[in-house]
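Everything on this sheet refers to the single structure shown next.
The values are calculated or read from the model by the stated rules, or taken from the named source; none is laboratory data. Note that the structure is predicted; figures quoted are calculated from it, not measured. Because the Cβ atoms are built from the backbone with ideal geometry, glycine has one as well, and the counts that use them run over all protein chains shown. These accessible areas exclude ligands, DNA and RNA; they are computed on the full protein's heavy atoms, side chains included. Shrake-Rupley method; radii C 1.70, N 1.55, O 1.52, S 1.80 Å.
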Amino acid sequence: METSEAAKWAAVPLRLVMGIIFAVAGYMKLVGIAATIEYFAKQGFPVPVATAWFITLLELCGGIALLLGLLVRYLGLIYTIEFIVAAFWVKLPTQGHAAARLDLMLLAGAIALYFLGAGRWSIDSVWLEKEKRQ
């Protein structure tokens, strides 16, 4: 998939801002893991303890990985799935559009990162460019 030079740079601020948002959200879930588990149980998620821990670690570790530009396309796909569920199964039906706005923006950003990749200043760009040179 060939990406224009502008798209390679466009991915950088998107990846960095989303990385900060996810890392902070994951950290907050971790600090209050009991409340996070309770929320997942209240929402009717299967195996709420495992689900809460998975989402917490996905957001914390995945956010840090986004900041580093590591595995960005894979994380874009995983976050796309997470925020389809968060926006359309949890937030919109139970809390309405106002509560779902951030989830919908993160969904759009995740889709963009899936297609754009990590962009410049990333571990992925170093590895991918190294593979292209060989």
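Structural remarks
- Of the chymotrypsin sites (Phe, Trp or Tyr not before Pro) in the stretch 17-112, those whose Cβ has at most 13 other Cβ within 10 Å and which sit in DSSP loop: none
- Per residue, the chain exposes 59 Å² of accessible surface when a 1.4 Å probe is rolled over the protein heavy atoms with every protein chain present.
- Remark: the stretch 102-109, residue by residue, has Karplus-estimated 3J(HN,Hα) of 5, 4, 5, 5, 5, 4, 4, x Hz, where x stands for each Gly or Pro and the curve is 6.51 cos²θ - 1.76 cosθ + 1.60 at θ = phi - 60°.
- Whole-Hz couplings from phi, Karplus 6.51/-1.76/1.60, listed for the stretch 45-53; x for Gly and Pro: 5, x, 6, x, 5, 5, 5, 4, 5
- Alpha-carbon geometry of the stretch 1-79: the Rg and the Dmax are 14.7, 45 Å, given in that order.
- Solvent-accessible area, 1.4 Å probe, carbon plus sulfur percent, for the chain: 74
- Principal-axis tilt of helix 5-31 within the chain, Cα atoms, nearest 10 degrees: 30
- Using every pair of distinct Cα positions in the stretch 20-134, the Kirkwood expression returns a hydrodynamic radius of 15.0 angstrom.
- Taking Cβ atoms as reference points and 13 Å as the exclusive limit, the residues near G26 contribute a net charge of -1, counting Lys and Arg as +1 and Asp and Glu as -1.
- Sorted largest first, extent of the stretch 38-89 alpha carbons per principal axis (Å): 34, 20, 12
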